[in-house]
Every structure is written in structure tokens, then in C-alpha cells.
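Inspection log for the structure reproduced underneath, given as C-alpha cells.
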Amino acid sequence: SVSLNFSAYDINSQKMQQLIFEQLEKAAHPEHFILEILEDEPFRDVETLRCFIHKIRQYGVQIAIDDFGSGYSSLNALKDLPVDVVKLDRVFFDQSSHVERNKTILKSMITMAKQLDMKVVAEGIEYTQQLDMLKDTGCDMVQGFIYAKPCSVEDFYQRLEAEAAS
């Protein structure tokens, strides 16, 4: 799948919504898209956002809340919006002196998301200690520099070719 990131501000724009729907109409397989909504500002018009999500899901597009837990409306977003994926922000995975507290909070958030029938992604994982912290939490996916760092388009295609050859 391919993730498309938008801020809540972008999605509240009628012009942006129209552009998104136009592009989905052109896409051969829109069901392979995940629209990620960044929690970089409050969701001002939840009803408009909920209607937008309902329409976009008709294309088979999944909806994710990105940077969950570091934004403005985390629990309200889970309560009010029909999302498929919660992407836990990297702030939960720091290796401060509060590792056990972080792990307790993580487990609770993951359990809550699972009970709401959402997948959970841990973002920003860079170290094996962070992976260890995620063991036995029920987290569905992990992403971060521990697996791959940003790369050029050419490097990306070389990696794909190498994976296909093996």
C-alpha cells in the first residue's frame, strides 16, 4: 500500500477534498491507498471530516491517524472518527527513565485500539531496545530507521530489485 499524508487543515479544505477524489477516480487500485491524517492541529469540524472519511472509504481507502498521541485530539479522534489504523508517535518509544510507565501506556493504548478494531503501527523505531519494549504489546506493525533509512528513488528501486531477486 501507499500512504498519503495530509494535515487536518488540508482535509478541511473543500478544494483539497475535491482534488483527492479526482485523483482516486483516476487511480487503478485506490484500495491500496492509506490516507494518513496528521494530528498536527485540532480537528475543527469533526462532522465534515467524518463525512469525508465515509466517502473516501467507499473507494476502499484505509484511514490512519498519524503521530497519534502527540497531537491535539487523540482520544477524541478514536471516539469520533471511523479510522482503520493508529500510528503511535515516536514519543512513546523514547528510552527515558520511565520505560515501564511508557510500556504500560503503550499496552493500554494498543488494547484500546484493538477493541475498536483498529490496526496499530509503532512509528520512529530506531533501536532494538525499542523493539524489545514493543514485544508482547499486540502492536501490528513497526516502522522506522531500524529497518530502513530514507533513500533516493534510485536506491529504492535497487532495493526492490534485490528483494525480487532473492
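What to note about this one:
- Extreme residue, surrounded by the fewest Cβ atoms within 10 Å (Cβ to Cβ), among residues of segment 2-12 that are free of Cβ contacts under 8 Å to residues at least 40 places away in the same chain and farther than 11 Å from Asp45 by Cα: Val2
- Within segment 67-84, considering residues that are at pLDDT below 80 and open to solvent by less than 40 Å² (accessible area, probe 1.4 Å), the one nearest to Ser108 (Cα to Cα): Ser74
- For segment 94-106, filtered to residues that are in contact (Cβ under 8 Å) with a residue 12 or more places away in the chain and assigned to a helix (DSSP H, G or I), the residue that is farthest from the chain's Cα centre (by Cα) is Val99.
- Applying the criterion of being outside any helix (DSSP H, G or I) and over 20 Å from the mean Cα position of the chain (by Cα) to the residues of segment 2-30, the residue that is farthest from Ile65 (Cα to Cα) is Ala28.
- Residues that are touching a residue at least 24 places away in the same chain (Cβ under 8 Å), open to solvent by 30 Å² or more (accessible area, probe 1.4 Å) and in a loop (DSSP other than H, G, I, E, B) within segment 107-120 comprise just one, Leu116.
- Counting the residues of segment 28-59 that are free of Cβ contacts under 8 Å to residues at least 24 places away in the same chain and either closer than 20 Å to Val86 by Cα or surrounded by 12 or more Cβ atoms within 10 Å (Cβ to Cβ) (or both) gives 3.
- Test: residue in segment 141-152 that is part of a helix (DSSP H, G or I) and open to solvent by 90 Å² or more (accessible area, probe 1.4 Å): no
- Flag not set for Thr104, criterion: of a type in the set (S, T, N, Q) and surrounded by 13 or more Cβ atoms within 10 Å (Cβ to Cβ).
- Residues of segment 124-140 satisfying the condition of being buried (at least 20 other Cβ atoms within 10 Å of the Cβ) and either assigned to a loop (DSSP other than H, G, I, E, B) or modelled with pLDDT of 95 or more (or both): Ile125, Cys139
- Any chance Ala64 is in contact with a helix residue (DSSP H, G or I) (Cβ under 9 Å, 6 or more places away or on another chain) and open to solvent by less than 10 Å² (accessible area, probe 1.4 Å): no
The values are calculated or read from the model by the stated rules, or taken from the named source; none is laboratory data. What you see is a predicted model, and the numbers here were worked out from it, not measured in a lab. We place every Cβ from the backbone using ideal geometry, glycine too, and count neighbours over all the protein chains shown. With ligands, DNA and RNA removed, areas are computed over all heavy atoms of the protein, side chains included. Shrake-Rupley method; radii C 1.70, N 1.55, O 1.52, S 1.80 Å.
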